[in-house]
1. Quick check for me: using +1 on Lys/Arg Cβ and -1 on Asp/Glu Cβ, what's the dipole size of the range 127-246 about its Cα centre, in debye to the nearest 20?
2. Hey, can you rank 276-285, 228-237 by average C-beta count inside 10 Å, highest first?
3. Show which lysines lie in cross-link reach of Lys276 when reach means a straight Cα distance below 28 angstrom and same-chain residues fewer than eight apart are skipped.
4. Using the per-residue mean of other Cβ atoms lying within 10 Å as a proxy for protection, in what order, highest first, do the peptides 101-112, 286-297 fall?
5. By average Cβ neighbour count within 10 Å, what is the ranking of 10-20, 153-163, 309-319 from highest down?
6. What whole number of Å gives the distance from the Cα centroid of the range 318-339 to the Cα centroid of the range 102-117?
7. About the Cα centre of the range 37-82, what is the dipole size in debye to 20, counting +1 per Lys and Arg Cβ and -1 per Asp and Glu Cβ, all else neutral?
8. Identify which of the listed values of mean projected area of the Cα convex hull in nm² was calculated from the structure shown: [x] 15.8; [y] 22.5; [z] 17.5.
Amino acid sequence: MEYRYIGKSGLRVTSIALGTMTFGSTTSKEEAFKILDRAYDFGINFYDTAELYPVPPDSKYTGVTEEIVGEWLKTKPRDSIILATKVAGAASGWFVPPIRYGLTAIDRFHIKRAVEGSLKRLKTDYIDLYQMHWPDEVVPIEESLRAFDELVKEGKVRYIGTSNDSAYGLTKALMVSKYENLARFESIQNNFSILNPRFFDELEKVCKKESVSLLPYSPIAGGILSGKYNQKFIPKDARFSIYLKHPIKRVREHAKRFFNDKTLEATAMFLDVAKKYEISPVTLAVAYSKHFDFVASTIIGARKLEQLDDSLKAMDIKLNREILKDIKKIQDRFLYPMG
C-alpha cells in the first residue's frame, strides 16, 4: 500500500481516496455502506465528503451524505481513518448552495456553523482535513483563515485546505497565513484528469514551490472516461443522462462541460490507449491522476459497488513513458475539451 503526506501536514494518506458525493441521492445508504466497506477492506484510509452533499445539490437532502458517513464511521476505529469534509462555498460565487437559506459565506459565522453541523452529522469530535468548498470573492481571506485557525486551535480540525481555487487564491492565502501566523492550506482539491489537465498551467508550480498537495476529484471525468457515454445506447441512470434533464440550468450546463463532442472524441482515443496496454480505461484514468508528485491522493467515486474495483486497481499501476507519451499526443490534439 502506497502512502503519501498531504502538504506539510501529518496526514499520511493512501494514494487513492474515496469520495462520497452521491451517497443519499443516487446511491442508497445500504449501497453506500457496501462501497465504504469495500474501500476500507482494500486498505483505503482517506474519505472525503461535504456539508453540501449529496449531488445534485437539493435542500431536501443536504447533509444526508455526512449522516451516512457518520453512521458508517461508528463501525470502524476512528483513528484508522483520515476524514475530510468541506464548508459550503460563498453564495456570491458561481452557485448559490441550498444551505443556510442561500446566504453562505466563508466568514467566521458560517465556518463555525458549518463545522458544528458537520461534527454532529459525522458523529465525531474532530475532522482531519477541513476544506473551503470554493472561494469567497467578498469576505477577505484574512477573516476566513482566522476562523479556520481558531478551529485548529480548538482541536475540532487538524488541518485545513481549499477547493476549486485559483493560483492567485491559493498564493494569496498562503501569504496571509505566513505573515499572520495562521494555519495554512495544506491541500487544494480541484478537478484534474486526462481530459482536464489545466492544473499544469499555473497551480502545479504553486503546489510544488509551496509544498501544497493536490487532491484531484473527477479523475474519470464524472464517468465519461469509462467509455459508457461513447456507446450507442447511453445508460438512462448515468449521471449526465440525469443531469441533462435536470430542471436547474446550472446542473445542465455542468453536464455539458463534461459531456460534449470534444470530450467524447478525445475519450474514444483514450479508450484505444487503454486497449493497447490491456488496461481498463477507468484504471488508466485514475492511474494518470495519481501519477504526479504534487498529488497526495486521488479522489475516486462510485454510485454502485461494481463501479469501484477498476478504480481501486489503479493503486498498483505506475504509468511508463510510452503510455504517458500516447496520452500527451491526445491532450495536445484536444486542448482542454472540457472548456
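1. 680
2. By packing density, highest mean first, the sequence is 276-285, 228-237.
3. Lys228, Lys232, Lys262, Lys290, Lys304, Lys313, Lys318, Lys325, Lys328, Lys329
4. Put in order of decreasing packing, that is 286-297, 101-112.
5. In decreasing order of mean packing, 10-20, 153-163, 309-319 become 10-20, 153-163, 309-319.
6. First find each Cα centre; the distance between them is then 40 Å.
7. It comes to approximately 100 debye.
8. Checking each listed value against the structure points to [x].
Computed from the coordinates by the stated procedures, all read-outs in this text should not be read as laboratory data. Worth saying up front: this structure is predicted, and the values here are computed from it rather than measured. We place every Cβ from the backbone using ideal geometry, glycine too, and count neighbours over all the protein chains shown.
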